[in-house]
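Below: the structure, in structure tokens.
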Amino acid sequence: MSYRCAEGTARAPSQRGVALITVMLVFVLATLMATQMLRTGYLALRRTGNLIDSTQARYYALGAEELGRQLLAEDAKSAPVGQNTDNLKERWASAKLQFEFEDGQLELHIEDLAGRFNVNGLVDRSGKAIPREVARFARLLRELDIDPAFAEAAADWVDADGSTTRGGGETSAYGQMVFPNAPMVDPSEMRSLPGLDAAGWRRLGPFLAAIPTGTRLNVNTAAPEVLLVYAETVVRPADMERFVLSRDQQPIRDAADPRLGTVFGGAASVLDVRSDFFMLQVHAQYRGRNSRFETRVRRDPRKGNTTILGRSDASRI
């Protein structure tokens, strides 16, 4: 009896130790599971919150885009019949419209695409390269320290045939590269041309547009660098800057303005004082989330309403 009692007494502490360790393991596992559940729930809430904020920022950007379209429509409708011009003194052309609201802000900038060099204008309506326009583009490239040979390459890109501007097949001239032989949808397509590096594109991109062939350059909104390539009597940048200063102070109202003939000579026939194509640059920020748009629109010259041609969404979530 005494042996059995001693044996039972000896086993009891060991069993209690095992039970305690088991309880501790269960507690640790439960704690780990609870922590993981809380962490997972917290991350899910954060992701949901970020998604909601990003969506809200996008809606604000869309609202700013609609505001830009309304500004363009109102500008067209408010102009007297036969006196519709587009210049940098108008409300839509403000350097940048900014709006602040709780937890965020909006920025809207409208740019006249007819004030840029139109890469699709390198060819006529039949798709044949226009040597005069190719030469003007080459001049713009030289002004920006870019190889002027890209002018011919760009013309080969948008013309309707499979030959280079100097004769021969495009495939042999540009290796295995296949040109679409169609108008560009966006001037950034030029980045596919061999030899045009990122630095060159950063200099060139802001001066280019890809709008329908035959669209005239708006002399009231074009940058001096673009106007200079159309000038036939003024060849110095300083002289062009004086013309731009005069234009900004007193916008050109019609083709009869003597300043056009004085500066551009015969090239004045390819210039205009109004525009149908614009780009809306929108940036919305809400609670640290950003939404950026570049929207290309076409405005009806008679009704004033705008049609979206394309939108590049550079949102960062």
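The values are calculated or read from the model by the stated rules, or taken from the named source; none is laboratory data. Small disclaimer: the values here were computed from a predicted structure and weren't measured. Note: ideal-geometry Cβ built from the backbone for every residue, glycine included; neighbour counts use all protein chains shown.
Taking into account only those residues within the stretch 193-234 that are among the charged types (D, E, K, R) and part of a loop (DSSP other than H, G, I, E, B), which is surrounded by the fewest Cβ atoms within 10 Å (Cβ to Cβ)?
If we take residues in the stretch 193-234 being among the charged types (D, E, K, R) and part of a loop (DSSP other than H, G, I, E, B), then 197 is surrounded by the fewest Cβ atoms within 10 Å (Cβ to Cβ).
Checking the conditions here, which among 253, 292, 247 is of a type in the set (D, E, K, R) and part of a helix (DSSP H, G or I)?
Of the residues listed, the single one that is of a type in the set (D, E, K, R) and part of a helix (DSSP H, G or I) is 247.
So which residues in the stretch 250-272 are more than 29 Å from the chain's Cα centre (by Cα) and more than 17 Å from residue 229 (Cα to Cα)?
Result: 250, 253, 254, 255, 256, 257, 258.
Tell me the residue from 146, 110 that is closer than 21 Å to residue 206 by Cα and either in a loop (DSSP other than H, G, I, E, B) or among the acidic types (Asp, Glu) (or both), please.
Answer to the selection: 146.
If we scan the stretch 112-134, do we find a residue that is among the basic types (Lys, Arg) and closer than 18 Å to residue 299 by Cα?
Yes; the residues of the stretch 112-134 include at least one that is among the basic types (Lys, Arg) and closer than 18 Å to residue 299 by Cα.
Among the listed residues 129, 135, which satisfies the condition of being under 15 Å from residue 161 (Cα atoms) and more than 24 Å from the chain's Cα centre (by Cα)?
Matching residue, one of 129, 135: 129.
Within the stretch 239-257, identify whether any single residue is surrounded by fewer than 21 Cβ atoms within 10 Å (Cβ to Cβ), under 17 Å from residue 137 (Cα atoms), of a type in the set (Lys, Arg) and touching a residue at least 12 places away in the same chain (Cβ under 8 Å), and answer yes or no.
no
Could you list, in sequence order, all residues of the stretch 53-84 that are over 19 Å from residue 110 (Cα atoms) and buried (at least 17 other Cβ atoms within 10 Å of the Cβ)?
Matches in the stretch 53-84: 53, 54, 56, 57.
Suppose we filter 172, 188, 246 for residues that are modelled with pLDDT under 90 and either small (Gly, Ala, Ser) or within 21 Å of residue 145 (Cβ to Cβ) (or both); which single one remains?
Just a single option satisfies the conditions, and that option is 172.
Could you tell me whether the stretch 263-286 includes any residue that is among the hydroxyl-bearing types (Ser, Thr, Tyr), part of a strand (DSSP E or B) and crowded, with 21+ Cβ neighbours inside 10 Å?
yes
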